[in-house]
Every structure is written in structure tokens, then in C-alpha cells.
Amino acid sequence: MTRTAILGTGAYAPEKVLTNADLERMVETSDQWITERTGIKERRIAAPGEVTSDMAVKAAVRALEMARTRAEELDLIIVGTISPDMPMPSCAVMVQAKLGAKNAFAFDLSAACAGSLYGMSIADQYIRTGSARRALVIGAELLSRVVDWTDRNTCVLFGDAAGAMVLGPSDDPQRGILGIKLHADGGAAGVLSIAGGGSLHPQSAEVLERKLNKVAMNGREVYKYAVRALPEAVLEALAAQGMTPADVTHLVGHQANLRIIESVCARLGLPIEKCWVNIHRYGNTSSASLPTTMDEANRAGRLRPGDIVAMMAIGAGMAWGAGVIRW
């Protein structure tokens, strides 16, 4: 069976930078408080009129250029997002139209911060079976419009960005995606959610007044869940390939919280230097986090042929997983 390779990566972040000092003037918080608890120093905010699909397209163009792939050659477009341009139709079809990818079928998936990893797993199946030759997987989030800017516990965390990956058959059967393991636990859905705007709490004046259309999070519970589930998922993905953490060259993870990243590395026995960290510059960008981090590490020359790259992500659902790539 054909193995799937990442042929190109791309990322985009808006120009506007919102620093911790800026937030000190907006809510009762401080640079020290935010930095000590999250590792975040600044985040990016989309421009007025800029929408999720705009960011997704900019990241996709860069990934397509690296992959030397024309938009018309794409067979499949998957966008992981919980902040699409509109509820219907999908952000993915907006991306398809803006790119001119007329031969691709396209759809969104909702797995929050794990969206890109879920998308990679789906695209991998299409490519392995020969049902697709070129797939574009994007994580794109415009979270600045779904956070409550009066809630210091959540508004300090999130930023806007998009990351993209072009996937296709590997020329070398030993290289590419070795495996991805995914999980979900709906019993923990209440710890991180946007409760309003769906069939449970349809859009209304009351929903807006109660801010049910904004992100609500129990940070303590999310942290506890993540530091347990992520190491287990990474170990599971490695074990499926007959590997251990000692085989990992790089760990590319969702940038949710620096303390989570440090804890996962410690539990896996990996030095933090093996993990590319950019949360201090972008904050938590949800589904965009994994591909933007992958792109940064890739363009910095950090990822070399033959390297074993472990991936991990966790988000609302709870939805999480891990994967292993031989670069």
C-alpha cells in the first residue's frame, strides 16, 4: 500500500500583534500572570473584513508552492476549523473557489485543536488507497471573533492563524506517515465549548446576552486531561510502529500551553529542545497550531530526511490523537 508524504507546508498569521501589555489595558491581567501560566507573550489578530477562508488560502498557496502543485491538481481539500466563514456552506468550498481548485471535492471537519491531525488521517486513507493523488489539509481559525474579550481566563490564550499541508504518495516507501491514532471522549465535552448558536441554544438575544456564542473553558480540567491523554497517545502511536520515545527526533505538537508541552515532554522523557515551540508568538491557534508549527520547523531546516517526527494535538470534544512520520 502506498505511503503518504507531506510534500509541502505553508502558514499564515495576520499582521496585527496583540501583546500581553495590550491585554493589560483591556482586562484585569498582567504580562507576568499570562507568561507564567501559559508561556504566551503575544498573539495575532485578523484584520477587519478578513475571514477564515482568506487566511486558509494564504497558507495553502505557500504549501502548494513548496509542493510544486497547481490548485487544479488537487483531488481533495479538508479544512479543520471551528470558526468558519459561516455555518453553511463549508469553509473548504470557499477555499476551493478562491484557489481555483476546480477538480477537488472539499469539506470541513470539526475537531477543534485536533482538526488538522484528524484531517491528515482522513487524507492519508484516500492517498494510501489510491483514491486521491493530491490532498490539501488546512487548519484555520479566526478565534478572536469567538472569544469573550472580558474573560481574562480565555481571551489571553487564543490567536488567529492558518496552516496548510499538501499530501501525496511518497516516492520512498520507507518515508511518510507511518500511522496516526485518534481518540474522542464526548463525556468531557463540557470542559471546553461554544454552547450557543446550534440546535441546543439557537441564536437569540438571550444567547448573545449570556455570551453562549463565545468560548467557555475550564482551564484546570483541560490541563489535567491534556497532560494525561497526550503522552498516552504518543506512546500508542509509537508502539504501533515498534518504536519508543528514544526513536523520536522531533516532537511537533499543538501549542495550547507551554506548561502542557513541558509536562508531556517530561512524561515521555524527551528534552524540550526536541519540540518546536512558538506559543510565545502566536498563542493557541487551535486547528492551525499543528500545521503552522510543522511549517516553521520545516522552513527552518529542522526536519531532515529520515527523521522520526511525532505529532500530537488535543482539543474540544475532547478530541485528541498522535501520529508518527518518517520525514
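The values are calculated or read from the model by the stated rules, or taken from the named source; none is laboratory data. Bear in mind the structure is a predicted one, so any value in this text is a computation, not a measurement. Cβ placement follows ideal geometry from the backbone for every residue including glycine, while neighbour counts extend to all protein chains displayed. Calculation scope for accessible area: heavy atoms of the full protein, side chains included, ligands and nucleic acids excluded. Shrake-Rupley method; radii C 1.70, N 1.55, O 1.52, S 1.80 Å.
Just a few scattered comments:
- Ellipticity estimate at 222 nm from DSSP helix runs (n ≥ 4, -39,500 (n - 2.57)) divided over the chain, nearest 500: -9500 deg cm²/dmol
- Rounded, prolate or oblate (a/c below 1.5 giving rounded, otherwise prolate when a/b exceeds b/c) for region 64-124 by Cα gyration tensor: oblate
- Alpha-carbon centroid distance for the pair region 210-235 / region 141-173, whole angstrom: 15
- Take every pair of alpha-carbon atoms less than 8 Å apart whose residues are at least six positions apart; their mean separation over the length of region 168-327 yields a relative contact order of 36 percent.
- Between residue 239 and residue 184, the distance separating the two model label sites (each 7 Å from Cα on the Cα→Cβ line) works out to 2.3 nm.
- Projecting label points 7 angstrom from Cα along Cα→Cβ for residue 68 and residue 129 puts them 3.0 nm apart.
- When each of the peptides 64-71, 297-304 is scored by how many other beta carbons lie within 10 Å of its residues on average, the order from highest to lowest is 64-71, 297-304.
- Among 139, 39, 100, the residue with the largest mean-square fluctuation in a Gaussian network model of the chain, with springs joining Cα atoms closer than 10 Å, is 100.
- Extension gain (nm, one decimal) between residue 304 and residue 30, 0.36 nm per residue minus Cα-Cα: 94.7 nm
- For the peptides 254-267, 15-28, the ranking by packing is 254-267, 15-28, with the highest mean count of neighbouring Cβ atoms within 10 Å listed first.
- Solvent-accessible area of residue 289, all protein chains in place: 0 Å² (probe radius 1.4 Å, heavy atoms, ligands and nucleic acids excluded).
- Annotation: residue 157 carries an accessible surface of approximately 20 Å², with a 1.4 Å probe and no ligand, DNA or RNA atoms counted.
- The calculated FRET efficiency for residue 16 paired with residue 203, based on their beta-carbon distance and R0 = 25 Å, is about 0.35.
- Put simply, the amide H of residue 317, placed in the peptide plane, has neighbours under 5 Å in 192, leaving out anything fewer than 5 places away on its chain.
- Area accessible to solvent at residue 40, 1.4 Å probe radius, in Å²: 0
- Between region 84-101 and region 26-47, the Cα center-to-center distance that results, in Å: 31
- Dividing the mean sequence gap of close Cα pairs (under 8 Å, 6+ apart) by how many residues the chain holds gives a relative contact order of 25 percent.
- Amide proton proximity set for residue 275, modelled H, under 5 Å, gap of 5+: 251
- Rounded to the nearest 5, the antiparallel percentage of DSSP beta bridges internal to the chain is 70%.
- Taking amide hydrogens as placed 1.01 Å from N in the peptide plane, the amide H of residue 109 sits under 5 Å from those of 79, 80, 81, each at least 5 positions away in sequence or on another chain.
- Per residue convex hull volume, Cα atoms of the chain, in Å³: 126
- Basic side chains Lys and Arg get +1 at the Cβ, acidic Asp and Glu get -1 at the Cβ, and with that the dipole of the chain about its Cα centre reaches some 460 debye.
- Region 236-295 and region 313-327 have Cα centres lying 10 Å from one another.
- Shape call, region 157-283: gyration tensor on alpha carbons, a/c limit 1.5: prolate
- A protection proxy built from the mean count of other Cβ atoms within 10 Å ranks the segments 79-90, 180-191, 161-172, most packed first, as 161-172, 79-90, 180-191.
- Backbone phi angles across region 125-132, fed through the Karplus curve with coefficients 6.51, -1.76 and 1.60 (θ = phi - 60°), yield HN-Hα couplings of 5, 5, 6, 4, 8, x, 7, 8 Hz in residue order; Gly and Pro are listed as x.
- Spin-label model, residue 220/residue 150: points 7 Å from Cα along the beta carbon direction are separated by 2.4 nm.
- The share of Cα pairs per 10 Å bin across region 145-187, counted from zero up to the longest distance, runs 17, 22, 31, 20, 10, 0 percent.
- For residue 104, net neighbour charge (Lys/Arg +1, Asp/Glu -1) across residues whose Cβ lies under 10 Å away: -1
- Per-pair calculated FRET efficiency, R0 = 56 Å: residue 262 and residue 171 via Cβ, rounded to 0.05: 0.95
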